[in-house]
1. Of a type in the set (A, V, I, L, M, F, W, C), under 22 Å from the mean Cα position of the chain (by Cα), surrounded by fewer than 16 Cβ atoms within 10 Å (Cβ to Cβ) and farther than 23 Å from Phe256 by Cα: does that describe Ile114?
2. If we keep just the residues of segment 143-157 that are under 22 Å from the mean Cα position of the chain (by Cα) and not in a strand (DSSP E or B), which is surrounded by the most Cβ atoms within 10 Å (Cβ to Cβ)?
3. Please go through segment 211-231 and pick out each residue that is in a loop (DSSP other than H, G, I, E, B) and either buried (at least 24 other Cβ atoms within 10 Å of the Cβ) or at pLDDT below 95 (or both).
4. Of all residues being part of a loop (DSSP other than H, G, I, E, B) and among the aliphatic types (A, V, I, L, M) in segment 188-209, which is surrounded by the most Cβ atoms within 10 Å (Cβ to Cβ)? Just the residue, please.
5. Could you tell me whether Val278 is assigned to a loop (DSSP other than H, G, I, E, B) and under 13 Å from the mean Cα position of the chain (by Cα)?
6. Quick check on segment 205-244: of everything there that is under 10 Å from the mean Cα position of the chain (by Cα) and of a type in the set (Phe, Trp, Tyr), which residue is farthest from Glu150 (Cα to Cα)?
7. Going by the conditions given, is Lys191 within 18 Å of His93 (Cβ to Cβ), in contact (Cβ under 8 Å) with a residue 12 or more places away in the chain and of a type outside the set (Phe, Trp, Tyr)?
8. Restrict the check to segment 61-76 and report whether at least one residue is in contact with a strand residue (DSSP E or B) (Cβ under 9 Å, 6 or more places away or on another chain), modelled with pLDDT of 95 or more and surrounded by fewer than 22 Cβ atoms within 10 Å (Cβ to Cβ).
Amino acid sequence: MRRVFLLASALVVASTAAFSAQPGSPPRVSQRGGVESRGLDIYWIDVEGGAATLVVAPSGESMLVDTGYETDGRDAKRIATAAEKAGLTRLDHVVISHYHGDHVGGLMALSKMIPIGRVYSRGDMISVPADQKWYDSMRAVSAGKRTIVEPGDKIPLKGVDVLVVSSDHQMLAKPVNGGGSNALCANAEQKAPAGFENQAGVGLLLTYNRFTFLDLIDMDWATELELVCPVNKVGAVTLFQSNRHGAWNGAGAPAFLNAIRPQVLVFNNGPRKGLGQVQEAKVTTPPGVKVAPYEQNHYLRAASIPGIEGIWQGHLSLVDTDPKHNTSPDLIANLEETAACQGHWIKASVQADGQFTMLNGRNNFSRTYKTR
């Protein structure tokens, strides 16, 4: 019976995905005979420890956040394949969060595979020569169609509110989404910054009716606390994409995670990058400040977030394969080493009433949640 149920769920989701197309495609027909509007679709495309998140709005317009690695066009091909599956013939909006190779490396190759509309990015300052190549590729692809964004700006994705919450080391001026004073800041541990580029990235808060999705890319521990202390600027969210790929020695501050309180979390990790990876950050808590104890293991810290209902992973962590330190295998999209990886995605299909279904592209396992 369980196999039949899973197959039926997969067929329903596949049917839904077929209508996530460009503007002008027909609305889907309900099994009860009525006509439904398209919902919001989000794909976490496997770029093996980089980032590439494809959003298809109810209007059919699309937004891609980051483009993965250069890696012989591997990630650009995976993004183009996901876009084709979503029924897209172009990418209306492309956001480049910052100028690291795992986030902008695939952009040039992708621009030759599918037309790209407007490109959004942070400003032009480069801190180290190694980032110049990636900045230059962004400038080349975005020539004549680039917008530099600041906190408070909105990306005009029709049918979804897309708010810039961070960019170029600046944060929202005022709280949104029910945010307010954060008592967790009083005894929060402080850590040293993880570098100019990670702290400068573009962070986004997407809102579709009651559903909210927070994507902060590579924001580090120190910058997380700027965003939520002493005032939580983004409130509690429905779905959160792990920052720093889940490498939470220098990110994943409890005062941050327990303030945004996601129902569902997606680790956009790689087989040996992100979740489970140890990247020690220097503790800078002032002398005499008593720090609240917190869970050191990254996965278990996520699992301890109040009200968390689901944790999904792009990859099984091969640097820490302990089953207790990874989510259920049904919720992991890829299990292999990089050379053998099939690049399976994770997808969220969000309905207008707030119900959303997460789907594992590897095994068609799905689970449905109701937005709080």
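The values are calculated or read from the model by the stated rules, or taken from the named source; none is laboratory data. Remember, it's a predicted structure, so these values are computed and weren't measured experimentally. Counting neighbours? That spans all protein chains shown, and the Cβs are built from the backbone with ideal geometry, glycine included.
1. Working: of a type in the set (A, V, I, L, M, F, W, C): yes; under 22 Å from the mean Cα position of the chain (by Cα): yes; surrounded by fewer than 16 Cβ atoms within 10 Å (Cβ to Cβ): no; farther than 23 Å from Phe256 by Cα: yes.
Answer is no for this residue.
2. In this case the residue turns out to be Leu157.
3. Of segment 211-231, the ones in a loop (DSSP other than H, G, I, E, B) are 216-220, 229-230.
Result: Leu216, Ile217, Asp218, Met219, Asp220.
4. Val202
5. Working: assigned to a loop (DSSP other than H, G, I, E, B): yes; under 13 Å from the mean Cα position of the chain (by Cα): no.
No.
6. Filtering segment 205-244 for residues that are under 10 Å from the mean Cα position of the chain (by Cα) and of a type in the set (Phe, Trp, Tyr), the one farthest from Glu150 (Cα to Cα) comes out as Phe240.
7. Numbers: within 18 Å of His93 (Cβ to Cβ): no; in contact (Cβ under 8 Å) with a residue 12 or more places away in the chain: yes; of a type outside the set (Phe, Trp, Tyr): yes.
Spelling it out, it is not the case that Lys191 is within 18 Å of His93 (Cβ to Cβ), in contact (Cβ under 8 Å) with a residue 12 or more places away in the chain and of a type outside the set (Phe, Trp, Tyr).
8. Pass one, segment 61-76, residues in contact with a strand residue (DSSP E or B) (Cβ under 9 Å, 6 or more places away or on another chain): 61-67.
Adding the requirement that they be modelled with pLDDT of 95 or more leaves 61-67.
If we keep only those that are surrounded by fewer than 22 Cβ atoms within 10 Å (Cβ to Cβ) too, we end up with 61.
Yes: segment 61-76 contains one or more residues that are in contact with a strand residue (DSSP E or B) (Cβ under 9 Å, 6 or more places away or on another chain), modelled with pLDDT of 95 or more and surrounded by fewer than 22 Cβ atoms within 10 Å (Cβ to Cβ).
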